[in-house]
Amino acid sequence: MTRHVFPATWEQAGHAALDGDAVVVGGATSVQPWLTSTGAQPSVLVHLRDVAGARSVDGMAGRLRIGAMVPVADPALRPVFGGTEPVWFATPAVRRRATVVGNAVSPFGPREVVPVLAACGARLVVLAEGGTRSIDVTAVPPNGLEPGAVACAAELAVPERIAFRRVALRPRLSRTEIGVAAALGDGCGAAISVGVGGPTLVVEGAAEFLRDPAGSPGFAAACCSAAPDPVRQLVGGLAVRVHRALHEPGGRS
Amino acid sequence: MPVPVGRRGVRPRDEAKLRGEHRFAAMLHAPGELHAATVRSPVARAVIRRVDTAAALTVPGAVTALTGADVPGRRLGSKVVDQPVLADREVRHAGEPVAVVVATSPRAARAMAAAVSLDLDVLPPLIDPRRALGPGAPPIGPAGNLVATARTCRGDARGRRVVRRTWRTGRQDAAFLAPEAGLAVPDPDGSVHLWVATQDLHADHQQVCRALGLSADELVLHHSGIGGAFGGREDITVQAHLVLAALRTGRPVRMVYGRAESLIAHPSRHPMLAEVELTYDDDGRFVSLRTRTLLDGGAYAHTSAPVTGIVHDFSAGMYRFAAVDLETTAVYTNNPPAGAMRGFGATQACFLIESTVDAVAAELDVDPVELRRRNLLEPGEPLATTGQPLTGCADPRAVLDAALAVAEPAGPPAYAARRGTGVALGIKSAGLGHGRPDPATAEVRLTPDGVEVVSAAADAGQGVEEVLRRVVGHHLPGVPVAVRAADTRFPTAGGSKASRQTMASGGAAARAAERLAGRLRDRARVLGRPVPDRWTPADLTALLGSDAVWCERVTLDEPRTGPDRPHKAFQVIAHRAVVDVDELTGECVVVQLVCAQDCGRAVDPVGAEGQLVGGTVQGAGFALWEERAVDAAGRQLTTGFGDYLLAGATDVPEVVPVIVEHPHPELAFGAKGIGEGPAVSSPAAVAAAVRAASGDPVPAIPLRRATPRVPA
């Protein structure tokens, strides 16, 4: 029998998450299908919905702190997604429930928002048995955080401009197969993702090319060097589009 | 009061759905109900050594477990009776039902299903349909691997030039949104009542009674709400299992499939492999057509035989050929079964012929539209395959013109994309055809309070209920009309398939209403009363008198079909597709689809447009994304809408329906069935548009994406 726990504080949440095979629930858009489709019965479901501060987006000195219960569609996150709602992420109904932090750590499905977060230099605030720590958003293992750990928030830079281009079978709804994200601003950079549910890789040395309106070839080369062979040219092509989008925001790319 | 025939209006049933008041099958419950779950084969081909349910029966809440041993030799099948109720002795495809477990809760039933142990001698499966009829192929069917074949050979002319192509189509799923579900309730009189979402109550009733050895009055089937069908509910899924479980336990039993189970439980569209040779003269006149078409029927026959017939009948499209040599064959394999799906083979045939026509246009470097005009049959000319004259329908040129008259989308293609436009012409029969009985019974009951139409026709969302309301209302103006869904104690309406219900049940109800109206007029004359333009309750009370209820029941099976007239009526369709293809990624973005279709007469124009839009989108999905993926061992990999990529509104932003009305002289109101037509030619049109944009040959659908033109 699964026990449902609704902690009011992060301390309570962290304590509850240490219970056996507890599963932490944010927006539940991944957990619920997992429970339904597998018939899994974890001993505890730790729902974060009532945790104080979990729904807040706090901005300060060009940075954002996104609480664990902030949904992808939250208008306060628009600067992170280029001034609009990320229509490439699932459906409107899912975007209203799925959380940014939950997606970034989910072991159940592709972490679609991670390339964008990584381009903004995002780090996750993780509460675990040993205390609170900060980890790079791209460093979450494929099977999620370790048992007992709770991702409380994401902290990232507010980009001056950001662009994300991806390859997917359908313009919307379909999962990202290859993605390139880049952002301009302090602490920002670029990231690529390769393969549905595959890793997100930070593109080293991208910042200098991103600032330079003529830096498209260099940026593309940097992205290509981070990509595996079979998709290198495709990543390069997307990188050119991303660079163009950053420097010609009203243009077609 | 019904909306008049031909006028736009809201369907009452739609409002109930929007309010959440429509009772879909999964929403049905009964006091004391039990819950059933299916155990399915994990492999495509095996000999069953043992099905061990001992552990399952120890699960808390376990009630009973049923295996093939409980129903040995019992077979289902709408056309060929070859499908066991539960596999006994052998399994023929991955996902085949092997056992049904029953418990006091859904969770316990799932736990029981997981605890059933299968001892199987796994055998090498036959996966490639091209091997099915060759030497050394393991026999899958009851008498070899041939399900059906059709051959037409006429004339020996050949043109000076030739194109040869091989075309493939994939395994599309009906993907109705409400998965299979049902509720079986034992009655104190010993019978079982089954509520189920199906396309054909009576066909299910006949199959289940035969398979379980029940007399007709020991089983009553009722319609539940149906959340889409598209052919996927034409065959048995939960029905026999639920009845068997209810009989075994003596308690109500319900079963609801999840999406993953639904995607393996009902037949798919037949995958097709076709080798085509078309010869033509220098002026682009077609001369001969040769096809060798192979359909993968999967492990059981289902509707493979009639699908073979439809593929065959429409493989030459609406074009003139002096000579044809056509052979269409369906075979057994160990793949998941294929069966009925919207288009019923005409979709594959259309892709075959229309893609070949485009190939000729490319060879000649002529406009594909002009090439079509040059070779289309004139009205009244015989179809190349069946010889049936193209009558009762619009001139295909007029339908093509109607599609082309719609303005193309404004604005340039997306960045770095190339835009392509494709057209395709489709034809499919409406009604069962080939002399098969195709009756529908409707009863119209008139009281001073209004009219009740009684029919067992399944409204799967296509709108037959609204058609019945309107056609009856037309003959009895001013009288409120209600439609009551009958169960199997009422005569059959035939299935909601083959685009037939508007013609069949609509025709029967119209005739019954017409007779009642005639009786009213006669009674009025006898009584010396005026015959009003619109009837009022007072008029009816006065005329019906002490009779209180007047009733007319009509069974209609017209016009008849046979060797000289294989098909009752034709659906004639034209699609134009505009697609942008991203040069870098190969991603295909559908920009606009136009569907023009001869509807005869659109009884419910909003419903008709809905059919045109929905079928067109379903066809676009078939062309680009939708496929049940099966691995080399015959196991289906697709498990849900995360990997079965249905085309949605965001994928097909602009669909323009164009209703062409060419009334059929032998059908009530001239109205033809239209439901399948929109899914017939849209895949071919989308494929043509991708070819035009990308230069790719697109020999197979779903395409998923065009070839990327990655910069060096």
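The values are calculated or read from the model by the stated rules, or taken from the named source; none is laboratory data. Nothing here was measured: the structure is a model prediction, and the numbers come from that model. Counting neighbours? That spans all protein chains shown, and the Cβs are built from the backbone with ideal geometry, glycine included.
Things worth noting here:
- Hey, B:Val656 in contact with a strand residue (DSSP E or B) (Cβ under 7 Å, 6 or more places away or on another chain), touching a residue at least 40 places away in the same chain (Cβ under 8 Å) and within 14 Å of another protein chain (Cβ to nearest Cβ) or not: no
- Across the stretch B:679-712, the qualifying residues are those that are in a loop (DSSP other than H, G, I, E, B) and in contact with a Gly (Cβ under 7 Å, 6 or more places away or on another chain), and the one among them that is nearest to the other protein chains (Cβ to nearest Cβ) is B:Val710.
- Residues within the stretch A:87-119 that are at pLDDT 95 or above, over 19 Å from A:Gly198 (Cα atoms) and not in a helix (DSSP H, G or I), tallied: 2
- Which listed residue, of A:Val126, A:Val72, A:Val100, is within 23 Å of A:Thr9 (Cβ to Cβ), within 10 Å of the chain's Cα centre (by Cα) and among the β-branched types (Val, Ile, Thr): A:Val100
- On the stretch given as the stretch B:6-26, residues that are buried (at least 20 other Cβ atoms within 10 Å of the Cβ) and part of a loop (DSSP other than H, G, I, E, B) total 1.
- Out of B:Ala330, B:Ala305, sole residue that is in contact (Cβ under 8 Å) with a residue 12 or more places away in the chain, closer than 26 Å to B:Ala229 by Cα and in contact with a Ser or Thr (Cβ under 6 Å, 6 or more places away or on another chain): B:Ala330
- Exclusive hit being touching a helix residue (DSSP H, G or I) at 6+ places or on another chain (Cβ under 6 Å) and basic (Lys, Arg), set B:Arg560, B:Arg523: B:Arg523
- Residue that is nearest to the chain's Cα centre (by Cα), among those in the stretch B:357-390 that are surrounded by fewer than 20 Cβ atoms within 10 Å (Cβ to Cβ) and basic (Lys, Arg): B:Arg373
- Meets criteria (surrounded by 23 or more Cβ atoms within 10 Å (Cβ to Cβ) and part of a strand (DSSP E or B)) for B:Val444: yes
- In the set B:Ala668, B:Ala596, B:Ala649, only one residue is more than 30 Å from B:Leu556 (Cα to Cα) and either out of contact with any Lys or Arg (no Cβ under 8 Å at 6 or more places or on another chain) or not charged (D, E, K, R) (or both); that residue is B:Ala649.
- All positions within the stretch A:157-183 that are away from chain B (no Cβ under 11 Å), more than 12 Å from A:Gly121 (Cβ to Cβ) and not charged (D, E, K, R): A:Ala163, A:Phe164, A:Thr176, A:Gly179, A:Val180
- Of the listed requirements (1) more than 20 Å from A:Thr84 (Cα to Cα); (2) part of a strand (DSSP E or B), A:Leu156 misses just one: (1).
- Within the set B:Arg397, B:Arg469, the sole residue that is assigned to a helix (DSSP H, G or I) and more than 30 Å from B:Leu593 (Cα to Cα) turns out to be B:Arg469.
- Enumeration of residues in the stretch B:604-624 that are surrounded by fewer than 24 Cβ atoms within 10 Å (Cβ to Cβ) and more than 24 Å from B:Arg7 (Cα to Cα): B:Val617
- Considering only residues in the stretch A:218-230 that are within 12 Å of chain B (Cβ to nearest Cβ) and surrounded by fewer than 21 Cβ atoms within 10 Å (Cβ to Cβ), the one that is modelled with the lowest pLDDT turns out to be A:Pro230.
- Check on B:Glu676, surrounded by 23 or more Cβ atoms within 10 Å (Cβ to Cβ), within 14 Å of chain A (Cβ to nearest Cβ), acidic (Asp, Glu) and out of contact with any Cys (no Cβ under 6 Å at 6 or more places or on another chain): no
- Among the residues of the stretch A:82-107, those identified as out of contact with any Gly (no Cβ under 7 Å at 6 or more places or on another chain), away from chain B (no Cβ under 14 Å), surrounded by fewer than 22 Cβ atoms within 10 Å (Cβ to Cβ) and more than 10 Å from A:Thr29 (Cβ to Cβ) are A:Gly82, A:Gly83, A:Thr84.
- Condition met for A:Gly205 (closer than 28 Å to B:Pro412 by Cα and more than 18 Å from the chain's Cα centre (by Cα)): no
- The residues of the stretch A:126-148 include none that are closer than 26 Å to A:Gly189 by Cα, in contact with a strand residue (DSSP E or B) (Cβ under 7 Å, 6 or more places away or on another chain), small (Gly, Ala, Ser) and touching a residue at least 24 places away in the same chain (Cβ under 8 Å).
- Here B:Pro412 fulfils each of the conditions (1) in a loop (DSSP other than H, G, I, E, B); (2) over 22 Å from B:Asp325 (Cβ atoms); (3) more than 14 Å from chain A (Cβ to nearest Cβ) apart from (3).
- Counting residues in the stretch B:374-389 that are of a type in the set (D, E, K, R), out of contact with any Pro (no Cβ under 9 Å at 6 or more places or on another chain), assigned to a loop (DSSP other than H, G, I, E, B) and within 30 Å of B:Gly562 (Cα to Cα) gives one or more.
- Residue count, the stretch B:467-503 (criterion: over 17 Å from B:Pro12 (Cα atoms), in contact with a Leu (Cβ under 8 Å, 6 or more places away or on another chain) and β-branched (Val, Ile, Thr)): 2
- Screening the stretch B:232-248 for residues that are over 17 Å from B:Thr67 (Cβ atoms) and not aliphatic (A, V, I, L, M) and picking the one that is surrounded by the most Cβ atoms within 10 Å (Cβ to Cβ) gives B:Arg233.
- The conditions of being free of Cβ contacts under 8 Å to residues at least 40 places away in the same chain, out of contact with any Pro (no Cβ under 7 Å at 6 or more places or on another chain) and within 11 Å of chain A (Cβ to nearest Cβ) are not met by B:Gly621.
- Residue check: A:Glu248 meets all listed conditions (1) within 14 Å of another protein chain (Cβ to nearest Cβ); (2) buried (at least 21 other Cβ atoms within 10 Å of the Cβ) but one, namely (2).
- Residue check for B:Ala542: in a helix (DSSP H, G or I) and closer than 27 Å to B:Ala456 by Cα: no
- Residue within the stretch B:309-317 that is part of a strand (DSSP E or B) and touching a residue at least 12 places away in the same chain (Cβ under 8 Å) present: no
- The stretch B:562-591, subset more than 14 Å from chain A (Cβ to nearest Cβ) and surrounded by fewer than 21 Cβ atoms within 10 Å (Cβ to Cβ), residue nearest to the chain's Cα centre (by Cα): B:Pro566
- Any hit, the stretch A:200-216, residues being within 14 Å of chain B (Cβ to nearest Cβ) and surrounded by 18 or more Cβ atoms within 10 Å (Cβ to Cβ): yes
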